[in-house]
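Notes follow the structure.
The values are calculated or read from the model by the stated rules, or taken from the named source; none is laboratory data. Being a predicted model, the structure only gives us computed values, none of them experimental. When we count neighbours, we look across all protein chains shown, and the Cβ atoms used for this are built from the backbone with ideal geometry, even at glycine.
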Amino acid sequence: MSNLRNIPGVDEVLLQDEIQQILLTYNREFVVKKIRESINELRNELQRTETQHDKEALTNIVVLKVTNKVREKAEGTLKRVINATGVVLHTNLGRAPLDTEAITNLVALTTGYNNLELDLTTGERGSRYDHVEDLLLELTGAEAALVVNNNAAAVLLGLNTLAKNKEVIVSRGQLVEVGGAFRIPDVMRQSGANLIEVGTTNKTYISDFNNAVNEETALFFTAHTSNYKIVGFSEEVDLKDLVDLGKKSGIAVMQDLGSGIMYKLDNWGLAEEPTVKECVEAGVDIITFSGDKLLGGPQAGIIVGKKELVQKMKKNQLTRALRVDKLTIAMLEATLKEYLKKTPQENIPVLRMLTYNEDDLKLKAEALYEVIQKRLRNNQYIAKINIVELEDMVGGGAYPTYKLTGWGVEIEFKEIHLEKIAKRLRMREPAIITRRQDGKLLLSARTILNEEKEIAEAISKALQG
Ligand SMILES: *Cc1c(COP(=O)(O)O)cnc(C)c1O
């Protein structure tokens, strides 16, 4: 019982030197709240123990608790991560890492003021959407463009603007769900459009679309089945055929491209997917895609297509709710400018990672191996370190069946549980996300960005406990 009497009060804790120190930086209300929480925790803990503590000891415990709580909050929860998984567009790891140009532009334009909505030639009010539109038209050949918060928003806006209370025809093979619970049928419902499913899961013909057309039909919708593939006895309607049918029947075609590539990756074996420009050239009326997938920029939903339709979307009240901020525009503009250059893969990390040739990757794996070997070779917990060939992935719902040959380092430990090491690596700052396979830790070189030394150091620390 005397333990409880020895618990310090808030005022007493506030007088402690360490707390006074904290109060120089942090606001009093926040610190007092942490003190109250700490005192309550201590009270609960003391009810479960017989050991007696004097007031000084209990005060020290509270001070330590408060210090930890304040530090934890001050650190935040969003942390830098080293991606050693070999999955280039990892949705859980923030998708595309940004190019330095994007960040430089972001800092230059947003630490002060900018002309987000000011036309500098007239001095009149301008539109935030003008800033990246020209670049998008240049790069895709489209008539008009609009950028919103993300691709889900772009699809919602497109359907709501062009097909609210009307019918949208979609193949049953394309009623997809992509990461983060984006389901085409659900988005369709949210938009107010009526979904008309045609064909079957594995086969849909152009005649299925044709037969479903009536006076209520507003759109033909096609979604890139970005995260899966129906293999075997399957058939999807050719984009060209759909566009032709659309023209013939006066119905617009909207395509959710998902990843949306701007730069041909054929030379690196990634030839399956059409570029945005190719889709525009095929005559698709509205195309939507993400800013932070294969484009390699910030989160955004990019809409390109026919001027008249994009114009309608700009006027939709929903656009105001889905609008992008200056941060996105600053980063997106810088990323898009890279695509005017001959070799965008030099500056856009996602493209760089996907266009390594095998020799470069092997060299990267060797460099990683050297650093790790040097740091850990005499460690008692290391059984084996090897350079290995492995399978990397594009990720982000692109090239679902395509395995990229990767190279990396494999570590086999002894007398310590692999999952324990993996967890310790995750809990570090920066966190390191790895792959485990056949009882070994795998580090893929493809997605590691000059982080070899940090990785070796972190493994060494993780083995110390
Ligand atoms: C990723 C994806 C989306 C969602 O895009 P976000 O930018 O994450 O909103 C929608 N459709 C397809 C086909 C996708 O691949």
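Worth a mention:
- All helices (runs of 4 or more DSSP H) inside the range 1-108 with 2 or more residues being modelled with pLDDT of 95 or more: 10-14, 17-25, 28-46, 55-75
- Residues within the range 245-286 that are in a strand (DSSP E or B) and out of contact with any Ser or Thr (no Cβ under 8 Å at 6 or more places or on another chain), tallied: 4
- Residue among ILE287, ILE261 that alone is touching a Cys at 6+ places or on another chain (Cβ under 6 Å) and within 15 Å of the ligand (Cβ to nearest atom): ILE287
- Residues of the range 415-426 include at least one that is on the phi > 0 side of the Ramachandran plot and in contact (Cβ under 8 Å) with a residue 12 or more places away in the chain.
- Wholly enclosed strands (runs of 3 or more DSSP E) of the range 141-210 bearing at least 1 residues within 20 Å of ASP244 (Cβ to Cβ), assigned by the TED database to the domain that holds ASP256 and away from the ligand (no atom under 16 Å from the Cβ): 167-171, 194-198
- Scope the range 111-148; condition under 22 Å from LEU295 (Cα atoms) and among the polar types (S, T, N, Q); matching residues: THR140
- Whichever residue in the range 109-126 is assigned to a loop (DSSP other than H, G, I, E, B) and in contact (Cβ under 8 Å) with a residue 40 or more places away in the chain and, among such residues, is farthest from VAL276 (Cα to Cα): ASN114
- Pairs with Cβ under 8 Å, 6+ apart, first in the range 63-83 and of a type in the set (Phe, Trp, Tyr), second part of a helix (DSSP H, G or I) and crowded, with 18+ Cβ neighbours inside 10 Å: none
- Just one of (1) surrounded by 15 or more Cβ atoms within 10 Å (Cβ to Cβ); (2) in a strand (DSSP E or B) fails for ASN386. It is (1).
- Among (1) at pLDDT 95 or above; (2) outside any helix (DSSP H, G or I); (3) exposed (fewer than 14 other Cβ atoms within 10 Å of the Cβ) - the single one THR401 does not satisfy: (1)
- Some residue of the range 318-327 being assigned to a helix (DSSP H, G or I), without any contact (Cβ under 8 Å) to a residue 24 or more places away in the chain and not small (Gly, Ala, Ser): yes
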